[in-house]
Amino acid sequence: MDLHILDHRLRVTSICKEGLVHFTHSLIKLMFLRNRTRCKFFSLTETPDNYTVVLDEEGFQELPSSEHLQVEGATWLPLNVVSNGNASSSSQAVGVTKIAKSVIAPLAEQHVSVFMLSTYQTDFILVREKDLPVVIHTLEEEFNIYREEGGEPVPVHSKDMQNGFHKNGKEALKLTVHPVLSPQNQFCVMSLDPDTLPAIATTLIDVLFYSNSSVKDEAPPTQGLDCIKFFSFSLIDGYISIVMDTETQRRFPTNLLFTSSSGELWRMVRIGGQPLGFDECGIVAQISQPLAEADISAYYISTFSFDHALVPEEDISSVISMLQQQRLEVISKQGEGFPQTTSLCTEPVEGFPEGNVSDMKPKEMLSSIYITLRHLDGHFQTLRQQQLGLVSPPSDPLHKKLMDTHNRIQDLAGNIKCLLEEVPPEISITSSSSRRDIFWQKVVGCTVLRKYSEFLKQVVSGLSHVISKRSAARGKGIKRIQKKVLRLGVSSPL
């Protein structure tokens, strides 16, 4: 097989929804007025979050400077696998999964970040220009590699690269497991004769620019059930590809758009609970490899914030189960050897008192307990949100334990507040780290739970001292609160 490095230098950009009005003239020119622009590679994808625009340097010059435009700093080069003289077509075999083992996985092992763009005609693998020596060295045993120059393929080898080859480290790839969800939309992947593009221009403009709900009303999808807005239009080297849901498809003339002879419908797997960024390696590999092993077709479209895989509708249940099982296994392996007593669980966490509260005077101790409980409220909210972002469903017993503990913390704070002679001023509630690195979240969560356990022991001891010093009536009230602390447990709720 051949691997072609196409003659395009690409930029990956994002336009926020409320700023689209500043770019409509430029985008319409790039889509419909091919004779008035030198742009040869253009892709526009709308998601609930933003518009992702991937285009060559000539097209990038058409975009106005604006605070509403984000630009990924690197220049990207598109790669394309060619088999038997024809581009590897995702409408024929298994799409991006066809190159999962030969291209995607080896690049991930070499810590090369990829940005995928599947179209009706083929799959484009975008890599950073600075990573090209690593890419060529990694793939030259599997492929004949050519770089297109002036429309002609020129053979290229790693020894020809001026920058030389610098292996991207020897460490094993550490996967960050990302949540996946599947909206209910059915999608179709279609194409169009470029000469008939003017016939659907009005509808296309309406779908992309004028048919949205207001920005305030539009929200990202919730856990796996909602339909989402997703529309992708690509015009690359004269070939058009359109990805849209069946609801949107009904707005277009049926005699102009065409798809594969089977007319197959697709379901989406959206990857990422928080924006993925561009530096993490292996995201595409961890999705495409299991699909390749199961011989399941897939289109794959990366965007500025999240990744999206389209799989045949009849395979969606097995794909989701397969990916969730994979994530469970990765999380399980990452969690081995991670006891709460480890020295890792010592990250600074705001909101806990310095010293032992049981050594404080009664008035100071009660105030400190109340303030700490209010901060624990924020910490446990973050822990629950992070757990919901992992593979365990909301019905998992873990979530119930966190919810029950959270509710009891709030109840205890209310009781302590009643004992205070002077209520502390309003507190800015602290939350645990919101970093999306799973390992880091485990470290901070482990630290919170360890400090929470130690704190409860101090509270029980401190209240015992107060009971012995207060009057009988006052002491009974505090004793009831002490029992509530004991019901919380002096060990981790997990």
#### Entry: Members of the stretch 242-268 that are touching a residue at least 40 places away in the same chain (Cβ under 8 Å), outside any helix (DSSP H, G or I) and open to solvent by 60 Å² or more (accessible area, probe 1.4 Å)
Arg251, Phe258
### Summary
When restricted to Glu62, Glu57, the only residue free of Cβ contacts under 8 Å to residues at least 40 places away in the same chain and acidic (Asp, Glu) is Glu62
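Do the conditions hold for Val319, that is, is it touching a helix residue (DSSP H, G or I) at 6+ places or on another chain (Cβ under 8 Å), open to solvent by less than 30 Å² (accessible area, probe 1.4 Å), part of a helix (DSSP H, G or I) and modelled with pLDDT of 85 or more?
Values: touching a helix residue (DSSP H, G or I) at 6+ places or on another chain (Cβ under 8 Å): yes; open to solvent by less than 30 Å² (accessible area, probe 1.4 Å): yes; part of a helix (DSSP H, G or I): yes; modelled with pLDDT of 85 or more: yes.
Yes: the conditions hold for Val319.
Scan the stretch 33-66 for residues that are among the hydrophobic types (A, V, I, L, M, F, W, C) and surrounded by 15 or more Cβ atoms within 10 Å (Cβ to Cβ) and jot them down. Can you show your working first?
First, pick out the residues of the stretch 33-66 that are among the hydrophobic types (A, V, I, L, M, F, W, C): 33, 39, 41-42, 44, 53-55, 60, 63.
If the condition is that a residue be among the hydrophobic types (A, V, I, L, M, F, W, C) and surrounded by 15 or more Cβ atoms within 10 Å (Cβ to Cβ), then Cys39, Phe41, Phe42, Leu44, Val53, Val54, Leu55, Phe60, Leu63 are the ones that fit.
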#### Entry: Positions within the stretch 1-32 being under 22 Å from Lys130 (Cβ atoms), open to solvent by 10 Å² or more (accessible area, probe 1.4 Å) and not aliphatic (A, V, I, L, M), in sequence order
His4, Asp7, His8, Arg9, Arg11
### Which listed residue, of Glu109, Glu129, is touching a residue at least 60 places away in the same chain (Cβ under 8 Å), closer than 18 Å to Phe278 by Cβ and under 27 Å from the mean Cα position of the chain (by Cα)
Glu129
## Note on the structure
Going through the stretch 1-40 in order, the residues found to be among the hydrophobic types (A, V, I, L, M, F, W, C) and more than 19 Å from Phe209 (Cβ to Cβ) are Met1, Leu3, Ile5, Leu6, Leu10, Val12
### Message
Suppose the filter is of a type in the set (A, V, I, L, M, F, W, C), over 27 Å from the mean Cα position of the chain (by Cα) and either under 19 Å from Ile200 (Cβ atoms) or outside any loop (DSSP other than H, G, I, E, B) (or both); does Leu30 pass it?
### Response
yes
### Message
Of everything in the stretch 68-77, what is open to solvent by 20 Å² or more (accessible area, probe 1.4 Å) and in contact with a His (Cβ under 9 Å, 6 or more places away or on another chain)? Give them in sequence order.
### Response
His68, Leu69
### Message
For the stretch 369-381, which positions are open to solvent by 20 Å² or more (accessible area, probe 1.4 Å), of a type outside the set (Phe, Trp, Tyr) and closer than 14 Å to Phe455 by Cβ?
### Response
Ile371, Arg374, His375
### Query
Can you pull out the residues in the stretch 122-138 that are more than 30 Å from Ser260 (Cβ to Cβ) and hydrophobic (A, V, I, L, M, F, W, C)?
Leu132, Val134, Val135, Ile136
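A quick yes/no check of all residues on (1) part of a helix (DSSP H, G or I); (2) open to solvent by 20 Å² or more (accessible area, probe 1.4 Å):
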{"site": "Ile240", "(1), (2)": "no, no"}
{"site": "Gly277", "(1), (2)": "no, yes"}
{"site": "Ile287", "(1), (2)": "yes, no"}
{"site": "Pro290", "(1), (2)": "yes, no"}
{"site": "Tyr300", "(1), (2)": "no, no"}
{"site": "Ser305", "(1), (2)": "no, no"}
{"site": "Val311", "(1), (2)": "no, no"}
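The values are calculated or read from the model by the stated rules, or taken from the named source; none is laboratory data. Since this is a predicted model, take the numbers as computed values, not measurements. Here Cβ is always computed from backbone atoms with ideal geometry, including for glycine, and neighbour counts include all displayed protein chains. Accessible surface is based on the protein model in full, side chains and every heavy atom, while ligands, DNA and RNA are left aside. Shrake-Rupley method; radii C 1.70, N 1.55, O 1.52, S 1.80 Å.
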